[in-house]
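S.K.: Mind having a look at this structure? Questions to follow.
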Amino acid sequence: MTIPTPSLGDRSYLVTDGAVAFVVDPQRDIDRVLALTGSRGIVVTHVFETHIHNDYLTGGLALARATGAAYHVNAADAVGFDRVALADGDVVAVGRSMRVRVLATPGHTFTHLAYALEDPVSGEAVAVFTGGSLLHGSAGRPDLLGAEHAPALAAAQHASVRRLTAELADQAAVYPTHGFGSFCAATVSGVDGSTIGDERRVNPALALDEDSYVAGLLAGLDDYPAYYARMAPANAAGPAAPDLTPPAASGADQLSRRIAAGEWVVDLRNRRAFAAGHVPGSLSFEYGDSLVPNLGWLLPPGTPLTLIGDSPGQVAEAQRDLTRIGIDPIAGTAGPPQDWHDGARRLASYPVSDFERLAAARRDQPVAVLDVRRRLEWSGGHIEGALHVPLHHLPGRLPDLPPGPIWVHCQAGYRASVAASILHAAGRAVTAIDDDFSRAALAGLPLTTAQAAVAVGSPAKGNP
């Protein structure tokens, strides 16, 4: 059984013979696993980690403790808890009919492992759980342990993909943890589901020699969320299960005090509803799969967080998503402003527009346009004369922006709404462009490439 976590672009796996089960790379909210096993009368006897994860907090240790399962982690990983240490070539029997063979697959990390589920009679692999090594039509990114290690890990990734496809049969199904929107994937393949035979035909690591593969892989890497730096140390220490107790309700006075104190009040409602009327100083992070990577990227570590949502259910889902990256507990919650706004407190608002109206505005007078996409998106083409500050740099670059009104856009509208709310909370006049960037050229806006970039406050090295 696949347990997807679309908000992180990851998947966990529950494999059972009907009586016992093993789990691969469980997320922190282990109640999802326990609900599946409890409803089927299945006992989890083994939990496997493919690697010390960089993009989320694991539920592996908590699940092992809750079920009494053996917790399998690479012997080479320095961890702060008891585990069943594994090494390349080990074979683990699960129940009477399942057998798991351990394969060293460095590349995403130095100590990465894959797990081949073998037929107990023939010994042939029927499936392989590949974590962040072999993905569907791609591979895991090699730079999460630091840029200095990326060339060596990219070369190791190339070798690991080749090892898996050389040692496993064509019909073996490939079950990666990453690659479904996760920043842990080196590239986006668009493929959902494959076998070893499929990978032999389409995976770039098999089509290119090592030097070409490494060069191309490194050249295609862009920034990844800042919270990744906190995940591996926390996973090595052993995270506990999250506390999903509903946060206490907060009134208007509390929200105002929290914002004034520098705390974050985040509004989960639709971004256009936020633009039309919101608590002054609150920030727009529309609930959906884009919430966790963007809010996790921007929220300063340790900053208390209050959530405004359309319903308690929406807040509860956001709370669950955020605990997976260690944003907990939530300081408080509130319903939509129209439910408690008494008219004495003025709501803030700003306009929302599109690229066609931006083009019309630029015909009449100069307009400051801010592009908050990432570096590679910007390099692929941007509006002539636009300013470039990736969203994750924006809070620290506000003083670098020119005075006056600003129109802000991204690729499809989500990041532009976040950026607009940050700018508006800082007292700037802003228009959010809620439109797909593919429509910019159709609207008559001239596009150019990165060679003519106008970068604002760009650091000497790294991404602008």
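S.K.: Report, for the chain, the % of DSSP beta bridges that are antiparallel, rounded to 5.
M.R.: Working: 31 of 69 bridges.
So the antiparallel bridges amount to about 45 percent of the total.
S.K.: Along the Cα→Cβ direction, 7 angstrom out, place labels at residue 365 and residue 310. What is the inter-label distance in nm?
M.R.: Reported label-point gap for residue 365 and residue 310 is 3.6 nm.
S.K.: Work out how far the C-alpha atoms of segment 249-322 reach from end to end along every principal axis, then list the three figures in whole Å, largest first.
M.R.: Principal extents (largest minus smallest coordinate, Cα): 29, 29, 21 Å.
S.K.: Compute the distance from the alpha-carbon center of segment 345-412 to that of segment 255-287, in whole Å.
M.R.: Taking the Cα centre of segment 255-287 as reference, the centre of segment 345-412 is 20 Å away.
S.K.: Between residue 356 and residue 201, what is the FRET efficiency for a Förster distance of 45 Å, r being their Cβ-Cβ separation, to the nearest 0.05?
M.R.: Step by step, r from the Cβ atoms, then E = 0.60.
S.K.: Can you list which of the DSSP-assigned H helices in the chain have a Cα extent of 24 Å or more along the long axis and an average Kyte-Doolittle score of at least 1.0?
M.R.: Working: long enough: 150-167 (25 Å, 0.12).
Helices meeting the span and hydropathy rule in the chain: none at all.
S.K.: Cβ neighbours within 10 Å, averaged per peptide: list 401-408, 388-395 in order, most packed at the top.
M.R.: Working: 401-408: 16.6, 388-395: 21.5.
For the peptides 401-408, 388-395, the packing ranking is 388-395, 401-408.
S.K.: A further question follows. Compute the orientation-averaged projected area for the chain from the convex hull of its Cα atoms and round it to one decimal in nm². Could the numbers behind the result be given before it?
M.R.: Details: hull surface 93.1 nm².
So the mean shadow area of the Cα hull is 23.3 nm².
S.K.: Assuming 0.36 nm per residue, please report the length gained on full extension of the stretch residue 226 to residue 244 beyond their Cα-Cα distance.
M.R.: Values: separation 18, 0.36 × 18 = 6.48 nm, distance 2.39 nm.
In short, 4.1 nm is gained.
S.K.: Could you let me know the centre-to-centre spacing of segment 164-238 and segment 291-310, using Cα atoms, in angstrom?
M.R.: Rounded to whole Å, the Cα centres lie 28 Å apart.
S.K.: OK, next. What residue among 214, 224, 244 has its Cα farthest toward the positive end of the dipole of segment 208-266, where the charges are +1 on Lys, Arg and -1 on Asp, Glu, each on the Cβ?
M.R.: 244
S.K.: If you don't mind, there's one more thing I want to ask. Along the positive direction of the dipole of the chain (beta-carbon charges: Lys, Arg +1; Asp, Glu -1; about the Cα centre), which of 179, 84, 133 reaches farthest?
M.R.: Positive-most Cα among the choices belongs to 179.
S.K.: Sticking with this one: For a quick protection proxy, order the peptides 122-132, 37-47 by their average other-Cβ count within 10 Å, most packed first.
M.R.: Details: 122-132: 21.5, 37-47: 17.2.
Order by mean packing, descending: 122-132, 37-47.
S.K.: If I model a spin label as a point 7 Å beyond the Cα along the Cα-Cβ vector, how far apart are those points for residue 145 and residue 70 in nm?
M.R.: About 2.6 nm, to one decimal.
S.K.: For segment 55-184, restrict the atom set to alpha-carbon positions and state the Rg and Dmax in Å.
M.R.: Taking only Cα atoms of segment 55-184, I get Rg and Dmax of 14.9, 45 Å.
Here, each number is a calculation from the coordinates, and none is a lab measurement. Not measured: the values here are computed from a predicted model. In this analysis, Cβ positions are derived from the backbone assuming ideal geometry, glycine residues included, and neighbour counts consider all displayed protein chains.
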